[in-house]
Structures are given as structure tokens and as C-alpha cells.
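What follows is one structure encoded as C-alpha cells, with my remarks underneath.
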Amino acid sequence: QVQLVESGGGLVQTGGSLRLSCAASGLTFSSYAMGWFRQAPGKEREFAAVINWSGTSTYYAESVEGRFTISRDNAKNTVYLQMNSLKPEDTAVYYCAAAKLWIGSDRESAYDYWGQGTQVTVSS
């Protein structure tokens, strides 16, 4: 049974930082691209960042590029999202997801497994 468990969310002030973690089990972690998506209140879920199986390639949404950094540790079956210079518009539930294929991994349809999400709230 595949499980993706996010942690690290919380309340932070504008300009602050948070690091999200996503621990994976039940799958061959190093064979999957790992992505982070987010869903703000009243909005559709959107892509934030993705990293390939080896950690050598990353891709970011324009809204987070330069502020967020995705990384992974295959020995720990964990993917991270370092979020700096946070803004109120970053407030959302953040989800990690696993995709077997790299191509199209900025789209939800590419992903096979999803976590339950962790809340990030940025106060102004």
C-alpha cells in the first residue's frame, strides 16, 4: 500500500520560510518523479514544483520559481519543498504526489499517488 505523508506545514508571517517534507512508503521511491501541488481556498489545485527520479532535473511554476526549492533524498524516501520569501498568496494546502513518468509532470493527470496534504498559512 502506497503512502505519501506530508509534514512541516504551519502558520508563518510574510517573508518567512517553511520546509515541507513528504515521506513515501510502499513504492520504489527512486523510480518516481515527485511533485508538489497546492490548493488555495476556493481555487483549483495547481502545480508548484517537480523533481525527477534522480534529483538532477527540477521544474517550477512561475509563481514560485526563485523562492521555492524542491529536493529529494532517495535513501530516506523523502521529498522536500523549501519555501522562502513566503507571501499571503502562498496560503494553501500543499500536496505531494508521485509520478511514474517525467513527461507532463506539471499536470495532475500524470500522477499515480497523492498525499493527504498539509496546510500552509502565510499571514500578512
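The values are calculated or read from the model by the stated rules, or taken from the named source; none is laboratory data. Keep in mind that what you see is a predicted model, and the values were worked out from it rather than measured. With ligands, DNA and RNA removed, areas are computed over all heavy atoms of the protein, side chains included. Shrake-Rupley method; radii C 1.70, N 1.55, O 1.52, S 1.80 Å.
By DSSP, the beta bridges lying fully in the chain are antiparallel in about 90 percent of cases. For the stretch 117-124, 3J(HN,Hα) computed residue by residue from phi via the Karplus equation (6.51, -1.76, 1.60; θ = phi - 60°) reads x, 9, 7, 10, 10, 10, 8, 8 Hz, glycine and proline entered as x. Scaling against 2.2 N^0.38 Å puts the C-alpha radius of gyration of the stretch 65-124 at 1.25. Separation of the stretch 57-88 and the stretch 90-124, taken as the distance between their Cα centroids, equals 11 angstrom. For the chain, the fraction of C-alpha pairs more than 21 angstrom apart is 30%.
In the complete set of protein chains, residue-level accessible area for residue 70 is approximately 10 Å², probe 1.4 angstrom. Measuring nothing but how far apart in sequence close Cα pairs (under 8 Å, 6+ apart) lie, relative to its length, the chain scores a relative contact order of 35 percent.
How large, in percent, is the carbon and sulfur part of the accessible surface of the stretch 19-88 at a probe radius of 1.4 Å? Please list the in-between numbers first.
Values: 1430 of 3360 Å².
Result for the stretch 19-88: 43 percent of the exposed heavy-atom area is carbon or sulfur.
The phi torsions of the stretch 35-52, fed into the Karplus equation with coefficients 6.51, -1.76 and 1.60 and a -60° offset, translate into couplings of x, 10, 10, 9, 9, 7, x, x, 10, 6, 5, 10, 6, 10, 7, 8, 9, 6 Hz, rounded to whole numbers, with Gly and Pro shown as x.
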